[in-house]
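Everything on this sheet refers to the single structure shown next.
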Amino acid sequence: MAVAVAGVLVAAGAVTYSVAEDGSADTAAPAADSADAGFARDMAVHHQQAVEMSYIVRDRTTDEDVRRLAYDIAQTQANQRGMLLGWLDLWGLPKVSSKAPMSWMGMGDMADGEDGALMPGMATNTELKKLGTLNGKAAEVLFLQLMTAHHKGGIHMAEGCVDKCTVGVEKRLAQGMVEAQQSEIDLMTDMLKARGAKP
């Protein structure tokens, strides 16, 4: 197990470092206002909330399927978030911007940030607080509904990077996010149906 984990961490580090070498040795780092930098910043924030929601529901239910899904989402998105922030470090770019989220997609006015929902698909602070008060099936249903919306927003943003980003390895990560999160949406739709609820 330890060897496998170490292997994953080494691989992740190699992928992170490869961004600096993507294309050719003299490839210039993306600009601070580029789609590459904007996606890295915004998706890191988006992923952080998914990790938070996953840890909340893990402690609110004993259902093994929901706990397993939450663990997978938390681990995957925490790892990807580390890669995104690592790339910003490699590029020598700030991790925050004075521009509105999703400005790099031409959608800086999409979310007003009210109640903590900084980007489309993100849960509000009120919704997160409510999730933390529920238990059992009620917690499972709200988590699955919130995470479905969250994934839909994440897919939209990742598709934007596939279209607009210029760093090859980042585009490939974004495409992987689209495919993985759509698969999880399909799974969560089935899980909600089994609980008599809709996305």
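The values are calculated or read from the model by the stated rules, or taken from the named source; none is laboratory data. This structure is a prediction, so every number in the text was calculated from the model and none was measured. Cβ coordinates were reconstructed from backbone atoms using ideal geometry, including for glycine residues, and neighbour counts include every protein chain displayed. Surface areas here come from the heavy atoms of the whole protein model, side chains and all, with no ligands, DNA or RNA. Shrake-Rupley method; radii C 1.70, N 1.55, O 1.52, S 1.80 Å.
Identify the residues of region 150-179 with backbone N under 12 Å of a label point that sits 7 angstrom from the Cα of Ser97 along the Cα-to-Cβ direction, or state none.
Residues 161, 165 fall inside that zone.
Gain in length, Val45 to Glu179, computed as 0.36 nm per residue apart minus the alpha-carbon separation, to one decimal in nm? Please report the intermediate quantities before stating the final value.
Working: separation 134, 0.36 × 134 = 48.24 nm, distance 1.98 nm.
The span from Val45 to Glu179 would gain 46.3 nm if fully extended.
Which net charge results when you count Lys and Arg as +1 and Asp and Glu as -1 among the other residues whose beta-carbon is under 11 Å from that of Val162?
Details: positive: Lys164, Lys171, Arg172; negative: Glu159, Asp163, Glu170, Glu179.
So the environment of Val162 carries a net charge of -1.
Give the calculated FRET efficiency between Lys193 and Ala28 to the nearest 0.05, with a Förster radius of 41 Å applied to their Cβ-Cβ distance.
Working: r = 49 Å, r/R0 = 1.19.
So, using R0 = 41 Å, E works out to roughly 0.25.
Run lengths n ≥ 4 of DSSP H only: what is the helix-derived mean residue ellipticity at 222 nm for the chain, with -39500 (n - 2.57) per run over all residues, to the nearest 500? Spell out each step's value before the answer.
Numbers: 6 runs with 135 residues, N = 199.
About -23500 deg cm²/dmol.
With all protein chains present and a 1.4 Å probe, how do Val45, Val96, Val66 order by accessible area, largest first? Could the numbers behind the result be given before it?
On the way: Val45 60, Val96 115, Val66 0 Å².
These residues rank, largest area first, as Val96, Val45, Val66.
Using θ = phi - 60° and the Karplus relation 6.51 cos²θ - 1.76 cosθ + 1.60, list the HN-Hα couplings for region 183-198 in order, rounded to whole Hz, with x at every Gly or Pro.
Result, rounded to whole Hz: 4, 5, 4, 4, 5, 5, 4, 5, 5, 5, 4, 5, 9, x, 10, 10.
Considering only protein heavy atoms and a probe of 1.4 Å, how much of the accessible area of the chain is carbon and sulfur, as a whole percent? Could the numbers behind the result be given before it?
Working: 5580 of 9970 Å².
Carbon plus sulfur share of accessible area: 56 percent.
Quick one: if you stick a label point 7 Å off each Cα along the C-beta vector at Glu52 and Asp89, how many nm between them?
With each label placed 7 Å out from Cα toward Cβ, I get 2.2 nm.
Check the straight Cα-Cα distances from Lys130 and name the lysines below 19 Å, setting aside those fewer than 8 residues away within the same chain.
List returned: Lys198.
For Lys152, list the aspartates and glutamates whose Cα falls under 13 Å from its own Cα; do not include residues on the same chain fewer than 8 positions away.
Partners within reach: Glu179, Glu184, Asp186.
Rounded, prolate or oblate: which fits region 24-105 when a ≥ b ≥ c are the square roots of the eigenvalues of the alpha-carbon gyration tensor, with rounded for a/c under 1.5 and prolate only if a/b beats b/c?
Prolate is the answer for region 24-105, as a/c is 1.5 or above and a/b outweighs b/c.
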